[in-house]
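Bear in mind these aren't lab numbers, they're just calculated from the coordinates by the rules spelled out. Since the model is a prediction, treat every value here as computed from it, not as a measurement. FYI the Cβ positions are ideal-geometry reconstructions off the backbone, even for glycines, and counts take in every protein chain you see.
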Amino acid sequence: MNLFQQFAPLVAAGVSIQMKLSANGQNMQLDLIPVAKENKAGITLTPKALVATAAELDAQLPAFLESYLATQLTISGLIEQSQAELKAAEDAAKALADQAKAAAATKTAGKAATKPGVILSAPAKKPRDMSAGLMTGDDDEPGEGEATDPESGSTQEAGQPVGAGGDGVATATSGSLDASLF
């Protein structure tokens, strides 16, 4: 069994392994505690405890170590990859923030260069006459003897039905309600 050759790739990746052998009743307990470098992702390697007789540990340890150490090496590689991706994301976010600050500074500098001390405002709108009630899109008032349809804004002669014009909506005539509403 090449015990330490199995640990070599993991140790080369920056992981230290603590091994502790102790008695556990009639059996022996082998604790493997991998300690990875500190990482921002908060990922830790999995410790393992094997409890068996000395003969069973001798027989099963090589196969166990092969799969366990390969898994720990994969996890260690993922930790390093995630740290690299995190660093790249932080750098990209910082570059974007710097670009936004530069664009904002350029925009405010351009506004200040136009006319200092002059406040730009939108053109004044024509005031609406609200004494006659709500008006539609334009401020034209209906002529004498005409009524305004509140939905369409069209004008019709007084006494004519005001409504949606045959689309199933009840219409009102001057001074009355349609009986189908009740």
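Report the extension gain between K125 and V11 in nm, rounded to one decimal, defined as 0.36 nm multiplied by the number of residues separating them, less their alpha carbon distance.
Length gained between K125 and V11: 33.4 nm.
Between S67 and Q29, what length in nm is gained on full extension when 0.36 nm per residue of separation is reduced by their alpha carbon distance?
Once the chain is fully extended between S67 and Q29, it gains 11.8 nm.
Efficiency by 1/(1 + (r/R0)^6): what FRET value for A49 and S82, r their Cβ-Cβ distance, R0 = 25 Å, to the nearest 0.05?
My answer for the efficiency is 0.40.
Applying 1/(1 + (r/R0)^6) with R0 = 41 Å to the Cβ-Cβ distance of T74 and S22, what FRET efficiency is obtained, to the nearest 0.05?
About 0.90, to the nearest 0.05.
Taking the mean number of other Cβ atoms within 10 Å as a proxy for protection, how do you rank 64-71, 14-21 from highest to lowest?
Packing proxy ranking, top to bottom: 64-71, 14-21.
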